[in-house]
Each structure stands twice: as structure tokens, then as C-alpha cells.
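Beneath this line is the structure, given in C-alpha cells, with notes to follow.
The values are calculated or read from the model by the stated rules, or taken from the named source; none is laboratory data. Every value quoted in this text rests on a predicted model; they were computed, and no experiment measured them. Ideal geometry is used to build each Cβ from the backbone, glycine not excepted, and the neighbour counts take in all protein chains shown. Side chains included, ligands, DNA and RNA excluded: accessible areas come from the protein's heavy atoms. Shrake-Rupley method; radii C 1.70, N 1.55, O 1.52, S 1.80 Å.
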Amino acid sequence: MKAYTLTGYGDASKAQMREVERPVPGPGEVLVRVRAAGLNPVDYKIRDGMLKPILRLDLPTTLGNELAGVVEANGKGARRFLPGNRVMARVGKERLGAFAEYAVVREEFLTDIPESLDFKTAAAIPLAGLTALQALRDELQVKPGFRVLITGGAGGVGTFAIQIAKHLGAEVVTTASQRGRDLVKDMGADVVIDYEHEKFEDVIDPVDGAFDLIGGETLSRTFGVVKKGGRVVSIAGMPEPRTATKDLDGRYGLAATFWFASLKFRAHAARAGVDYRYLFMHPSGSELAYLAEMAHRRLLKPVIDSTYPFEKIDEAMAELEEGHAKGKIVVTLDG
Ligand SMILES: NC(=O)c1ccc[n+]([C@@H]2O[C@H](COP(=O)([O-])OP(=O)(O)OC[C@H]3O[C@@H](n4cnc5c(N)ncnc54)[C@H](OP(=O)(O)O)[C@@H]3O)[C@@H](O)[C@H]2O)c1
């Protein structure tokens, strides 16, 4: 089968389309014939080697973190889905493989695709949608009346985050360039700051919590606008000890590394009297079922910036790396 394969860490030349053996589902796993796969910044971060300290991958390996497709076969003990079922998933972090004609996925990471969603739309939901849900509902505990700042509202995660925060009853303040303004307004944002011309800390009232999608200097400025006792959840800053203990199976060696690496952000947070949490999202079929149902009921609208045929995945990756996508980039495979 064709698979977009990582042969070594580095630039775009390290990932190529190759003919590889079709994977075989092990116990509790399902073989899926992939019909569409979503792209995420983590795809090129993995390729670059940025995630090497966290993810243990044996190279060569097939890339790709999320998919939609049709069940082809079940491994031993996997019974929830039948051949022919339409399914979607954020695949396992240490067994990737969505950028291929067939992929193996643990049964508990899969959910059914509602009839009303096509493969392309379903493939755009898992990683970004789950990240937004876990950050806003579980980490920030957004409730009606909560005022949240979401930096980077126009991208893959941001477009889900605005909609989910609104669904949870929040008032949403977000940042976007002029190019993304109409989109984030359409998603439901109440206040939009043009980050190319204004600094949010100069113009907004304090918020109850913040979801940071940008990291770096933007994250540092975020601590100053969150009320004392509030929380900043980042997915783009620096991992901190709880990233290791809560999100990475309690890897205590990594917790010590993250303690040092996040010192600057934790010090900013402490000075502002807020909590700093870096979330590394987790796959979940049951949480994805919730998002799929929201999309089916038109309470959640996946936004697709562009679609490429699988054969042109190099071009899709290049567009993703430019960092200006409005919503998600998806590749499709022939049915
Ligand atoms: N830790 C985790 O579990 C996890 C999970 C998912 C994602 N992430 C990370 O979260 C980040 C966002 O992911 P994504 O999928 O949303 O990325 P994305 O879709 O590539 O984001 C692109 C969007 O970001 C906007 N943008 C760029 N710089 C900005 C800035 N300074 N302020 C406001 N908006 C800005 C761009 O708008 P303009 O072009 O108009 O400027 C563009 O629309 C990435 O670093 C990703 O790796 C982490």
C-alpha cells in the first residue's frame, strides 16, 4: 500500500510516499481503510524531530495522526466495529499511520461517523476537536458566564475552541489577523483582537482563564490578563511537570526535565497568581463520539481550509507549515 513514510528526522525531504506492507491489526486493534486524513502542526514537528524526547517512534514509520475511513478487519478481541462501518479517530500517539491507504487503530480510539458527515469533514475533527474539548471543558472548566481568551482563533484548534467555548456558555475573546477576522466572528467569537496591530493586554478586560495556541512571547503576555486564581492552559508553550505525570503516563524523568524547561513560564504565572498548565491531548473514542454528535446536530462546524488528493500530501504539508491555514487541511484517498 502507499504510505507517507518518515525515514529520518529533518526537513520535508525526510518524508516520502513509499510502497509498504499493509499493517496487521493486533489484539484490540482495528484495520481501517483510510478515506481522508487531517493534517496538524504535530505532523511536521514529529518529522523535524522536535518531539523525539516525548514520542518513541521506530523509523521508518508512517506519519499521520487522524483519519476517517471504513473498517476493513478486526484484530483479536476487537468487536465494537464491523467491517464496512464508517469510523474516525485520533490514532495512538506512538503508533501513527493515518497517512496511508490502511491504518491500524486501537478500538477505543475509534467512533462511528454520523451519516450526515462525509469522510473529509470527519477527518478534520479528531485531533483539533479533542484538544479544544479537553482544554476548555476539563482543564479550564469553562462554564456559563466564564470569560476566556483564546489566542490563535482562526486555525485548526482555534476554530473548534471558539465554538466549544461558546457551547459551554463562555464569553470568548480571541486573536486573529484581518485574514481570519470574519471566520472567528462566524465561529461565535464575542471580541476579536487583530494581533498584528494591537496587543490584547492593552485592550481587553481581565479574563477568567486563557487557552494559548501560540506559545512564546504571546503566552508570556497572557498571564497578565488572567484574573488571580485563574488558569492558563497552553498547547504551544513549554511542557511542565503535570504534562509528564498526567498526559504522558507518569514519566517522572520527563517531569524533572519539564520542571526546568518551564521555569520561565511558571515564574510568570506565579507572579500573576495564576496556574500554568501545558496540555498534551489524548485520543479518546468516547469523547470523539460527543464531538461527532455535536457536528451531526450542527452545534459544531468543522472548518476546512483546503483539501488535497493524498498523492499531493507534500503540497498539503507545505501549506500547513506556512502557518496561515484557516481551519484544517485534509487529504483524501480514493474510495
Ligand atoms: N499539545 C497538544 O496536544 C496540541 C494539540 C493540537 C495542537 N497543538 C499545537 O497548537 C498550535 C496550534 O495548532 P493549530 O492546529 O491550530 O495550528 P494552525 O491551524 O496551523 O494555526 C494556523 C493559524 O494560526 C494563526 N496565527 C498564527 N500566528 C498567530 C498569532 N501570533 N496570533 C494569533 N493567530 C496566529 C494563523 O492566522 P494568520 O495566518 O491570519 O496570522 C492561522 O490561521 C500548534 O503549535 C500545534 O502544534 C498542540
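Applying the set (1) within 10 Å of the ligand (Cβ to nearest atom); (2) closer than 30 Å to Val32 by Cα; (3) β-branched (Val, Ile, Thr) to Thr218 leaves exactly one unmet item: (2).
Note on the range 68-97: residues that are more than 15 Å from Glu29 (Cα to Cα) and not in a loop (DSSP other than H, G, I, E, B) amount to 2. Report whether or not Val207 is within 11 Å of the ligand (Cβ to nearest atom) and β-branched (Val, Ile, Thr). Answer is no for this residue.
Out of the residues in the range 141-158 meeting the condition of being in contact with a Ser or Thr (Cβ under 6 Å, 6 or more places away or on another chain) and within 9 Å of the ligand (Cβ to nearest atom), tell me which one is most open to solvent (accessible area, probe 1.4 Å). Only one residue fits best here, namely Val157. If only residues of the range 98-133 that are assigned to a loop (DSSP other than H, G, I, E, B) and open to solvent by 10 Å² or more (accessible area, probe 1.4 Å) are counted, the one that is nearest to Thr62 (Cα to Cα) is Glu101.
Given the residues Gly64, Gly97, which is the only one that is within 16 Å of the ligand (Cβ to nearest atom) and at positive phi? Sole residue among the options that is within 16 Å of the ligand (Cβ to nearest atom) and at positive phi: Gly64.
Contact annotation: residue pairs with Cβ atoms under 9 Å, 6 or more positions apart or on different chains, pairing a residue in the range 151-179 that is in contact (Cβ under 8 Å) with a residue 24 or more places away in the chain and within 16 Å of Gly327 (Cβ to Cβ) with a partner that is buried (at least 24 other Cβ atoms within 10 Å of the Cβ) and among the acidic types (Asp, Glu), are Gly152/Asp212. For Pro309, the criteria (1) on the phi < 0 side of the Ramachandran plot; (2) away from the ligand (no atom under 15 Å from the Cβ); (3) outside the structural domain of Arg106 (by TED's automatic domain parsing) hold in every case but one, which is (3). Being among the basic types (Lys, Arg), more than 21 Å from Gly152 (Cα to Cα) and in contact with a Phe, Trp or Tyr (Cβ under 8 Å, 6 or more places away or on another chain) is the requirement here; does Arg251 meet it? No, not satisfied. If you go through the range 77-97 and keep only what is surrounded by fewer than 15 Cβ atoms within 10 Å (Cβ to Cβ) and modelled with pLDDT of 95 or more, you end up with Gly77, Arg79, Leu82, Pro83, Gly84. Going by the structure shown, is Arg231 within 14 Å of Tyr278 (Cα to Cα), within 13 Å of the ligand (Cβ to nearest atom) and in contact with a Lys or Arg (Cβ under 8 Å, 6 or more places away or on another chain)? Here the answer is no, as Arg231 does not meet what is asked. Has the range 53-63 got any residue that is at pLDDT 95 or above, buried (at least 16 other Cβ atoms within 10 Å of the Cβ) and not in a loop (DSSP other than H, G, I, E, B)? There is at least one residue in the range 53-63 that is at pLDDT 95 or above, buried (at least 16 other Cβ atoms within 10 Å of the Cβ) and not in a loop (DSSP other than H, G, I, E, B). Scanning the range 269-281 for residues that are away from the ligand (no atom under 16 Å from the Cβ) and either under 25 Å from the mean Cα position of the chain (by Cα) or surrounded by 19 or more Cβ atoms within 10 Å (Cβ to Cβ) (or both) yields Ala269, Val274, Asp275.
Here is a yes/no grid of residues against (1) basic (Lys, Arg); (2) part of a strand (DSSP E or B); (3) open to solvent by less than 10 Å² (accessible area, probe 1.4 Å):
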position	(1), (2), (3)
Lys185	yes, no, no
Asp208	no, yes, no
Thr218	no, no, no
Lys227	yes, yes, no
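Scanning the range 283-330 for residues that are open to solvent by less than 40 Å² (accessible area, probe 1.4 Å), within 16 Å of the chain's Cα centre (by Cα) and of a type in the set (Val, Ile, Thr) yields a total of 3. Apart from one condition, Ala170 fits all of (1) surrounded by fewer than 19 Cβ atoms within 10 Å (Cβ to Cβ); (2) over 30 Å from Ala103 (Cα atoms); the exception is (1).
Name the pairs: first residue in the range 100-112 and in contact (Cβ under 8 Å) with a residue 24 or more places away in the chain, second residue among the aromatic types (Phe, Trp, Tyr) and open to solvent by less than 10 Å² (accessible area, probe 1.4 Å), Cβ to Cβ under 9 Å, at least 6 apart or on different chains? If the second residue must be among the aromatic types (Phe, Trp, Tyr) and open to solvent by less than 10 Å² (accessible area, probe 1.4 Å), the pairs left are Ala100/Tyr4; Ala100/Phe310; Glu101/Phe310; Glu107/Phe81; Leu110/Phe81; Asp112/Phe81.
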